[in-house]
Amino acid sequence: MSTGTFWGHGGAYETWVDFLRRWSAEEPADPTALPALTREDYESETWERLVEHFAAALDKRLQAWADRLVRAMAAADDEFTAGRELAQARTGLHTVRALADNPGLPADLREQFTGLVDREIAELQAQLEQHLDRMAQNGADPRWTEERRRTLRDNGLTAVSAQAAAPDTDAAQDPWAASPPDRPRRRIVLD
């Protein structure tokens with residue numbers, strides 16, 4: 001005869017781990033429903049496992065994002081397309097950075113994870129530019145490499161970190177704004 005054993009819900013730990021698994025697989029997951037975490041509520045080993053789950057989820061999501069961006073940039077035929085891909089990539093980075101800065105995490109953990117994300121963003125930006133350097137050294141058209149370098153810098157991935165550091169700037173509110181609201185718009189009159 002077997003006796004049934006019933007386990008209850010694992011609380012905030014289980015909620016976060018389940019969310020991180022779904023989020024890292026890019027499945028629908030709502031970060032606003034996550035409970036606040038407090039280090040003192042967990043044994044040190046449990047807390048370390050939770051931090052490892054979080055780091056692994058960030059790493060998996062950042063790697064998938066970087067892979068998509070590299071493929072898109074390689075396929076970009078012109079600078080408009082490359083710029084569009086970089087702009088769209090920043091949208092994905094906002095999602096990753098927002099999770100790293102989730103208010104349910106303790107302040108020290110938020111600082112650690114947002115720093116990690118910001119370093120990864122800067123590293124990928126540098127790698128893209130270094131790739132252009134190698135292409136130029138291997139005989140790629142210098143005009144094309146400089147155009148692509150300008151596109152990379154004009155649409156820098158690091159703008160995500162800068163916007164997060166200064167969220168009240170006009171660029172953070174609407175990076176696609178044609179002109180700031182305090183500047184009069186130009187009129188074109190056709191005769």
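The values are calculated or read from the model by the stated rules, or taken from the named source; none is laboratory data. All values reported here derive from a predicted model rather than from experimental measurement. So basically every Cβ, Gly included, is an ideal-geometry build from the backbone, and we count neighbours across all protein chains shown. These accessible areas exclude ligands, DNA and RNA; they are computed on the full protein's heavy atoms, side chains included. Shrake-Rupley method; radii C 1.70, N 1.55, O 1.52, S 1.80 Å.
Which numbered condition trips up Ala36, out of (1) under 22 Å from the mean Cα position of the chain (by Cα); (2) surrounded by 11 or more Cβ atoms within 10 Å (Cβ to Cβ); (3) part of a helix (DSSP H, G or I)?
(3)
Just to be sure before I move on: is Ala87 among the aliphatic types (A, V, I, L, M) and open to solvent by 60 Å² or more (accessible area, probe 1.4 Å) in the structure I sent?
The answer is no for Ala87.
Name every residue in the range 90-125 that is touching a residue at least 24 places away in the same chain (Cβ under 8 Å) and open to solvent by 70 Å² or more (accessible area, probe 1.4 Å), in order of residue number.
His94, Asp101, Pro103, Glu120 - these are the residues of the range 90-125 that are touching a residue at least 24 places away in the same chain (Cβ under 8 Å) and open to solvent by 70 Å² or more (accessible area, probe 1.4 Å).
I'd like the full set of residues that are open to solvent by less than 70 Å² (accessible area, probe 1.4 Å) and out of contact with any Pro (no Cβ under 9 Å at 6 or more places or on another chain), limited to the range 18-32.
Leu20, Ser24, Ala25, Ala29, Pro31
Residues Glu52, Glu14, Glu40: which one is over 30 Å from Trp144 (Cβ atoms), at pLDDT 95 or above and of a type outside the set (S, T, N, Q)?
Working: Glu14 fails: at pLDDT 95 or above; Glu40 fails: at pLDDT 95 or above.
Within the list Glu52, Glu14, Glu40, the selection yields Glu52.
Tell me whether the range 23-39 contains one or more residues that are of a type in the set (A, V, I, L, M), under 20 Å from Phe113 (Cα atoms) and in contact with an Asp or Glu (Cβ under 9 Å, 6 or more places away or on another chain).
Within the range 23-39 (the criterion being of a type in the set (A, V, I, L, M), under 20 Å from Phe113 (Cα atoms) and in contact with an Asp or Glu (Cβ under 9 Å, 6 or more places away or on another chain)), the answer is yes, since at least one residue qualifies.
Looking at (1) in contact with a Phe, Trp or Tyr (Cβ under 8 Å, 6 or more places away or on another chain); (2) over 30 Å from Thr151 (Cβ atoms), which is the one condition that is false for Phe113?
Only one criterion in (1) in contact with a Phe, Trp or Tyr (Cβ under 8 Å, 6 or more places away or on another chain); (2) over 30 Å from Thr151 (Cβ atoms) is unmet by Phe113, namely (2).
Restricting attention to the range 56-75, does a residue exist that is buried (at least 18 other Cβ atoms within 10 Å of the Cβ), without any contact (Cβ under 8 Å) to a residue 60 or more places away in the chain and of a type in the set (Lys, Arg)?
Yes - at least one qualifying residue is present in the range 56-75.
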